[in-house]
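K.L.:
My structure is below; once you've seen it, I'll send some questions.
What follows is calculated from the coordinates using simple rules that are stated; it is not laboratory data. Here the structure is a predicted model, which means the values were calculated and not measured. Cβ placement follows ideal geometry from the backbone for every residue including glycine, while neighbour counts extend to all protein chains displayed.
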Amino acid sequence: MQLLQMLILCFVAIFGTAVVLTRDPRSQVIGLSFFGLVLACMFFIFQAPDVGLSQVVIGAVALPLMFMLTMARVRRNTEEHEARKRHEKKGKEAA
Amino acid sequence: MNPRFRRYFFLISVVAFFGVFAWGLHDLPPFGHYRGPYGDILNHVAVYERHATDVVTAVNFDYRGFDTLGEESILFMSVIGTSLLLRPQKKETDNNDGKADNSLQRDLDESERRRAPAASDAARVLTLALVGPLIVFGWYIVTHGQLTPGGGFQGGVILATPPLLVYLAGDLKTFKRITRQEWVEAIEGAGIFGFVLVGLLGLFVGGAFLQNLLPLGQTGSVISAGTVALLNIATGLAVSGGFVQLIYVFLEQTLEVKLRVQGGK
């Protein structure tokens with residue numbers, strides 16, 4: 001195995017683990033984009049440029065859409081929860 | 001399941017997994033030693049048989065073109081499924097009509113009032129300047145699938161990004177105006193139909209489904225490899241239509257529903 005191949009495999013392992021260990025969704029999204037970039041480089045180094053190109057386009061177009069929807073949903077739930085709490089508090093004060 | 005049982009269960013699973021994993025690794029061929037005969041054969045014959053310099057595309061759109069038709073249909077069906085699942089529902093639009101408890105809705109809107117800031121001039125100029133080059137690049141990837149890495153799928157996704165950039169520079173209204181729903185659906189359907197049509201051509205002349213019956217042309221030129229180029233264009237249309245549709249339903253779900261809840265007051 002060449003040095004470059006070993007290096008890129010180590011990078012994939014490190015970034016993959018880092019993505020899993022990150023808990024904050026926003027940091028996780030940024031970490032995942034780096035992971036996708038490293039993954040594309042790995043495909044390229046292992047002589048699969050077609051797969052690398054697929055990884056790049058999917059990582060650039062499809063993946064952010066999933067995150068956008070998920071994070072919007074999470075935020076809406078949080079906001080609903082907060083609004084409900086504010087509402088209950090107001091009700092108590094009125095009483 | 002108590003924590004102690006869970007820990008033992010985890011340890012046993014880990015030991016079992018690594019046992020099977022090591023057993024599987026043991027019989028693998030050493031790194032870089034490829035044992036599949038088909039890959040070597042195809043590497044040798046594909047350029048002569050199909051006049052395509054990118055063997056991956058020759059395999060995807062010719063030797064196993066039927067599989068690619070299946071994959072394209074999977075994408076088609078998942079886009080349809082997503083559109084169906086994420087369609088704006090009555091509950092979401094009529095959230096505050098005739099409901100007794102309007103004050104909760106008002107409290108909710110207080111937190112939802114903040115909007116994303118308008119795109120800066122630099123972002124607008126950059127994204128809009130990228131639209132033209134991206135369309136050219138997408139078509140380049142689609143039409144040069146048989147020569148260089150890439151093909152209908154990758155090019156199709158790239159072709160779906162210009163509307164997304166327009167959305168980033170402007171708003172959803174502009175996005176909707178340049179991607180008319182019926183046109184997007186027509187393009188997606190035309191791609192799938194074109195793929196099947198090229199396949200049926202083989203049957204009409206008495207051969208097999210998806211038989212490569214067009215003249216192969218000169219190796220290395222854009223018009224070469226027979227039906228591979230046509231199938232790439234069909235796939236590019238289907239994938240770009242599908243992805244624009246996906247982008248639309250995702251944006252609508254995250255933005256439109258919220259705006260309607262706001263604007264409904």
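K.L.:
Using Cα-Cα distances under 8 Å and only pairs 6 or more residues apart, what relative contact order does chain A have, in percent?
P.N.:
Computed value for chain A: 21 percent relative contact order.
K.L.:
Taking 2.2 N^0.38 Å as the expected size of a compact globular protein, what ratio does the Cα radius of gyration of chain A give against it, to two decimals?
P.N.:
So the Cα radius of gyration is 1.65 times the expected 2.2 N^0.38 Å.
K.L.:
For a quick protection proxy, order the peptides A:53-59, B:181-187 by their average other-Cβ count within 10 Å, most packed first.
P.N.:
A:53-59, B:181-187
K.L.:
Take the alpha carbon atoms of the protein assembly as shown, find their radius of gyration, then divide it by 2.2 N^0.38 Å using N residues; give the quotient.
P.N.:
Output field value: 1.24.
K.L.:
Mind checking the angle between helix A:25-45 and chain A's longest principal axis? C-alpha axes, 0 to 90 degrees, to the nearest 10.
P.N.:
So the inclination is approximately 10 degrees.
K.L.:
Provide, as a two-decimal number, the C-alpha radius of gyration of the stretch B:130-240 over 2.2 N^0.38 Å, N being how many residues it has.
P.N.:
Compactness ratio reported: 1.21.
K.L.:
Still on this model: Determine the relative contact order of the stretch A:3-51: mean sequence separation of Cα pairs under 8 Å and six or more apart, normalised by residue count, in whole percent.
P.N.:
After rounding, I find 43 percent.
K.L.:
Calculate for chain A the 222 nm mean residue ellipticity that helices alone would give, adding -39,500 (n - 2.57) per DSSP H run of length 4 or more and normalising by residue count, nearest 500 deg cm²/dmol.
P.N.:
That comes out to -29500 deg cm²/dmol.
K.L.:
Also: Roughly speaking, what % of Cα-Cα pairs in the stretch B:1-79 are separated by over 20 Å, rounded to a whole number?
P.N.:
It works out to 64 percent of all Cα pairs.
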